[in-house]
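In what follows, a single structure is set out as structure tokens and then discussed.
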Amino acid sequence: MAANTKFELKAGMATREAFGKALVELGKENPNVWAVDADLSKSTYTSLFAKEFPERFVSCGIAESNMVGVAAGLALAGKIPFAASFSCFILNKGFEQMRVAVAYPNVNVKIVGTHSGISIGEDGPSQMSVEDLALACALPGFVVLSPADETATFALMRAAAAHLGPVFLRTGRPRAPIVYSNGAQFEIGKAIQLADGKDVTLMAHGLMVAESLRAQEALEAEGISARVVDMHTLKPLDREMIRRAAAETGAIVVSEEHLVDAGLGVRVAQAVAESAPCVMEFVGLDRYAESGSPDGLLDKYGLRAANIAAAARKAVRRKK
Amino acid sequence: MRRTNNVEELQQIAKLIRRHIIVMLGEAKSGHPGGSLSAVETVVTLYWDVMRHDPAKPAWEDRDRFILSKGHAAPVLYAALAECGYSSVDALNTLRKLGSVYQGHPDKRFLPVLETSTGSLGEGLSIAMGLGMAARADKRPCRTYVMLGDGEIQEGQIWEAAMFGAFHKLDNVVAIVDYNRIQLDGWVKDIMEIEPLADKWRAFGWHTIEVDGHSIPALQKAFAEAASVKGKPTALIAKTVKGKGVSFMENNPKYHGVAPTKDEVAVALKELA
């Protein structure tokens, strides 16, 4: 595990780039791995796979519904297709196909969304995916993953390819702070505790894991002991990790770059309600954002360590 | 099953399939007779004559695939699969009942010999493209047949897949349009005209054949032609009659999605004797 818990966290590669590189590795190891693309291969980094394995790269043009259906057909013939696009396009335009052609007959298709959340930046809300996790988690049988950094992406890509069944993996556009050291072990459905604490638990996925680690340090200076948990798998949830956090720390803050009404937070709240009810606070989005730099957006829309720390202080106060 | 290319024998099988459709829908008291009856000759010609498949080896990797994209016509597929020996003939009358292998729309969870589950219109052609692409990459001889409804091709995804098929030169895929001219709300021309239909498929780069969808010799010839085409997929526009074979159902939009009553079943079976 060996997390980088003392900060500065160094900037690593973007999780979308890690996805593209991991896909090439998987393609080298397994001739059944295919890539399916909708005119965004340079942005999703499936272009790396296309260069290496042109005969296993499928260009669909700008047609995400068909893309997901084609991936389903490839999978029915024994291939392991990774269909990739911006999260907002593949999830929203391919959702019906993810439902009927993939989830319902339980077909072995991997869906990869890049440019998730608001940290895509200047392109603005039409390209920002803030509902993708709600949609993917709604589908029975889907495994839903949101890696925090490059190491997590490599490991979870490997797990996704090995898993027999539908997977959605969410990645981002900007460089992601390095949270994990090389060789960290990941298992689908097993959350990772990055720091222990007794007053409150900070849970997050994706970019917000690094922000939670920064928040933990700030809280420590004030005498608040925070546990930090990377919920890289949103589905199936690690209910035991959640139960322990609720029972042992009595307060949970869930942070995510997603609509707060429909992401990890509500899923954790359900698990908490069913196991060891405790105080909870939620950090996320409640509206569509706007154009701007990724950093400027994360500041303006409240997805920073300072916002998480404020939510944690509030949660600790509410315990009393 | 005994395969045959004898037209009279295939016509007899078609009649048997029609009887199954009527009986099972009568028992189910709901379902879609019109578009099941219009597709009978195509399905029978494929399963008894044209397709490479073996009911003794349902997972044979080199089998031809059939996808019923117009999933509401499930009864015609169920009757054919059962008569081929893939599934139970006796259980056909459990159609649409709790726990039946014969679900309202094709459901692979309940009937694993299905290539996949369908029922939401517009999706089958894309899946066929993926199957065709994998077969070509693996140098397998198998071909994929996908049956579309005429109303179904109003869905935009069909045309995404049509562009895809021509671009990728998937000559191992045949799309059959069951052109019975009626959809749920009425005549296709009054709901959303799809003409000029053959021109559309040609413009999208498909080898296009128009055929009498109730003429078994014409279908046999069309499928042979499709198999000889190189470098492009084939669209086979099967001109059919909705409710074919049952006088009061023929060309009657009511029987798109209404099952026959007991009395109607009796009349229909007399006509199909």
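A few notes on this one:
- Residues of chain A were split at every exposed loop site, defined as chymotrypsin sites (Phe, Trp or Tyr not before Pro) in a DSSP loop with at most 16 other C-beta atoms within 10 angstrom, and the longest piece left, sites excluded, is A:8-287.
- For residues of A:90-103, the mean tally of beta carbons on other chains within 10 Å: 3
- For the peptide A:56-64, the mean number of other protein chain Cβ atoms found within 10 angstrom of a residue's Cβ is 4.
- Distance from region B:1-75 to region A:15-94 (C-alpha centre basis), Å: 35 Å
- A Förster distance of 30 Å, applied to the separation of the beta-carbon atoms of A:I62 and B:A224, puts the FRET efficiency at 0.25.
- Modelled this way, with points 7 Å down the Cα-to-C-beta line, the labels at B:N93 and A:S181 are 7.2 nm from one another.
- When each of A:K51/B:K230; A:K235/B:K169; A:K10/A:K198; A:K21/A:K198; B:K70/B:K230 is checked by Cα-Cα distance, pairs over 32 Å: A:K235/B:K169; A:K21/A:K198
- The Rg/Rh ratio of region B:214-273, with both radii computed over alpha carbons and Rh defined as the Kirkwood radius, is 1.17.
- For the protein assembly as shown, the fraction of alpha-carbon pairs lying more than 42 Å apart is 32 percent, rounded to a whole number.
- For region A:27-86, the alpha carbon positions stretch 27, 24, 16 Å along the principal axes, listed from largest to smallest.
- Estimated FRET transfer efficiency when R0 is 51 angstrom, pair B:M192-A:K190 (beta carbons, to 0.05): 0.50
- D (Stokes-Einstein, µm²/s), Kirkwood Cα radius, region A:196-251, 1.567 mPa s at 4 °C: 114 µm²/s
- Calculated log₁₀ intensity ratio I(q)/I(0) where the Debye formula runs over C-alpha points of region B:181-260, q = 0.14, 0.16, 0.22 Å⁻¹: -0.59, -0.73, -1.04
- Annotation: peptides B:78-86, B:9-17, ranked by per-residue average of other Cβ atoms within 10 Å with the highest first, follow the order B:78-86, B:9-17.
- Cα gyration tensor, region A:12-177 - rounded (a/c under 1.5), prolate or oblate: rounded
- In region A:1-81, GluC sites (Glu not before Pro) in a DSSP loop with at most 10 other beta-carbon atoms within 10 Å: A:E8
- Gyration tensor (alpha-carbon) shape descriptor, region A:192-319, a/c threshold 1.5: oblate
- Angle between chain B longest axis and helix B:216-228 axis [Cα atoms, degrees, rounded to 10]: 20 degrees
- Cα pair distances in chain A, grouped into 10 Å bins until the bin that holds the longest one, percent each: 7, 29, 36, 21, 7, 1, 0
- Binned Cα-Cα distance frequencies in region B:7-271 - 5 Å width, integer %: 1, 6, 14, 19, 20, 18, 12, 6, 2, 0, 0
- In a DSSP loop and with at most 15 other Cβ atoms within 10 Å, the GluC sites (Glu not before Pro) in region A:270-318 are A:E290.
- Mean per-residue shielding of peptide B:128-141 is 6, counting Cβ atoms of other chains within 10 Å of each Cβ.
- Seen through its C-alpha gyration tensor, with square-root eigenvalues sorted a ≥ b ≥ c, region A:127-212 comes out rounded because a/c lies under 1.5.
- Spatial separation of Cα centroids for region B:188-257 and region A:148-173, in angstrom: 43 Å
Rule-based calculations on the coordinates, nothing more; no lab input. Owing to the predicted nature of the structure, the values given are computational and were not obtained by experimental measurement. Because the Cβ atoms are built from the backbone with ideal geometry, glycine has one as well, and the counts that use them run over all protein chains shown.
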